[in-house]
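Shown next, in structure tokens, is the structure this report addresses.
Throughout, read-outs are computed from the coordinates displayed, never taken from laboratory work. Note that the coordinates shown come from a computational prediction; the quantities given were computed from them, not determined experimentally. Don't worry about glycine lacking a Cβ; one is built from the backbone with ideal geometry, like all the others, and counts go over all protein chains shown.
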Amino acid sequence: MRITKLHATPVAVPFRVDEVWAFGRRRGLISVLLEVETDEGIVGIGEAAAYPSVDVVLAVLRGLEPLVIGEDPFAIERLVRRIDLVGTWHHVRASSPAIAAVEMACWDIVGKACGQPLVNLFGGRFRDDVECFYYVAAGTPDAVATEAASATKHGFTTCYLKVGSDDPRNDIARVEALRDGAGPDAKLRVDANEAWSPGEAVRIIRELQRFHLELVEQPVSGRALPEMAYVRERIDVPLLANEASWTRHDQLAVIRAGAADVLSADNQMDGGLLNLKRSAGIAEAAGLTVVKHSLGELGVALAAAVHVIAATPNFRYANQAYGSLLADDVTDGFGGGAELYVDGRVPVPDGPGLGIRLDPDRVNRYSELYRTDSGAFAFSDPAALSAAHALPKL
């Protein structure tokens, strides 16, 4: 079997409510769907987050064609090494989502050809479903409390909230509302996206500890591991590395620095599903738990990660997913909307390969939305664009 064609389709899918973070907002997400065709008629599906932009993803995919077309989709290790070393793509992190989409589609081809779900190719089922958190949009305290109550109603046990506002009192008020809305038994996770200096991080996290946080994610710069270690030693909440741990090489550095209690791993930021499994192995060897990070994903990328997580023991926290924010999806009944989760969990698809199918009508609808209104889906708002931002904020 040989790869004959790469076909990429950017799509824009709206959120129910805007996603807001420390430096902007967006009303939906953009992904690039990838179909990898073969000379035996099997088509593999992949997905790349639009990181750092759709233009970059599409340019990388065009650059990969001479390295991929004509190759055996079963020889995934060889193919990725060919991309990394012959193509020299391993030097550029922004190329990772496109490479990950090719690798994902190859795994889909292998699973379809073998008649096996991907979970069986990654070690078999350690669990039958994968827990995800409920992404609570950062709004007013009343809006946060309402969203948190919705999370509990839908059976989610973990709520995730962005913090890192210009005024820490706003963060404290929102986290208090999150606890009130979610109830006393819910697990609460906050993410500052590197917005705080070490001293401010310690002060603010100590203020937030009374709300019984499960994890605090990347409170300070991911580029300064001694600062992360400094904060970790002075707080009573486990610290989750994110921007500091996007690749296996980063994760090893975080472990050596003693800079986190839990590691984020992201197959799209580290070039593939095999590397997601490797990240979990690195964390396990260090005695740490790993959490799947997401740059924003639809049902294709979610299904791919679910297969790997289900076959890997040390994903013990709720993983990041966008289902609670998404108003719809591009697949046939997988990925979009909180009602598709069962008590906050995603069942592992049973079908061969990824076990999901693209919905042609939805793909057409959201590819057209991308063509006509893609600018509305970027991380931006007038206030954020006009401000003179710097890291850290405080």
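With the contact rule set at Cα under 8 Å and sequence spacing of 6 or more, what percent relative contact order holds for the chain?
Working: 919 pairs, mean separation 87.7, N = 394.
Worked out over the chain, it gives 22 percent.
Can you compute the modelled spin-label distance between residue 126 and residue 2, with each label point 7 Å from Cα toward Cβ, in nm?
3.9
Between residue 85 and residue 342, what FRET efficiency comes out of the Förster formula 1/(1 + (r/R0)^6) with R0 = 45 Å and r the beta carbon distance, rounded to 0.05?
Step by step, r from the Cβ atoms, then E = 0.60.
If you average the sequence gap of Cα pairs under 8 Å that are 6 or more apart and divide by the length of region 28-138, what percent do you get for the contact order?
Details: 125 pairs, mean separation 32.8, N = 111.
RCO, region 28-138: 30 percent.
Can you list the residues, at least 5 places off or on another chain, whose amide H is less than 5 Å from the amide H of residue 266, using H built in the peptide plane?
Here the answer is 293, since their amide H atoms fall under 5 Å of that of residue 266.
Among rounded, prolate and oblate, which fits region 120-347 when a ≥ b ≥ c are the square roots of the eigenvalues of its C-alpha gyration tensor, a/c under 1.5 means rounded, and a/b larger than b/c means prolate? Working shown, then result.
Values: a/c = 1.90, a/b = 1.09, b/c = 1.74.
The shape class here is oblate.
Counting only other residues whose beta carbon sits under 10 Å from that of residue 3, what net charge do I get with K and R as +1, D and E as -1?
Once positives and negatives cancel, what remains is -3.
Taking the structure as given and computing mean projected area of the Cα convex hull in nm², which label from [x] 17.5; [y] 20.9; [z] 19.9 fits?
This structure yields the entry labelled [x].
So for the pair residue 223, residue 207, with labels modelled 7 Å out along Cα→Cβ, what separation do we get in nm?
Calculated label separation equals 2.7 nm.
For region 282-291, just list the computed ³J(HN,Hα) in residue order, Karplus coefficients 6.51, -1.76 and 1.60, θ = phi - 60°, integers in Hz, with x standing in for Gly and Pro.
Values, residue by residue: 4, 5, 4, 5, 8, x, 10, 8, 10, 10 Hz.
Report the extension gain between residue 69 and residue 357 in nm, rounded to one decimal, defined as 0.36 nm multiplied by the number of residues separating them, less their alpha carbon distance.
In short, 101.4 nm is gained.
Within the set 112/187; 153/277; 112/277, which residue pairs have Cα atoms separated by over 28 Å?
Violating the 28 Å Cα-Cα cut-off are 112/187; 153/277.
So if each residue of separation counts as 0.36 nm, and I subtract the Cα-Cα distance between residue 167 and residue 233, what length gain in nm does that give?
21.3 nm
Suppose the chain between residue 58 and residue 140 were pulled fully straight at 0.36 nm per residue; how much longer would it get relative to their current alpha carbon spacing?
Full-extension gain reported as 25.8 nm.
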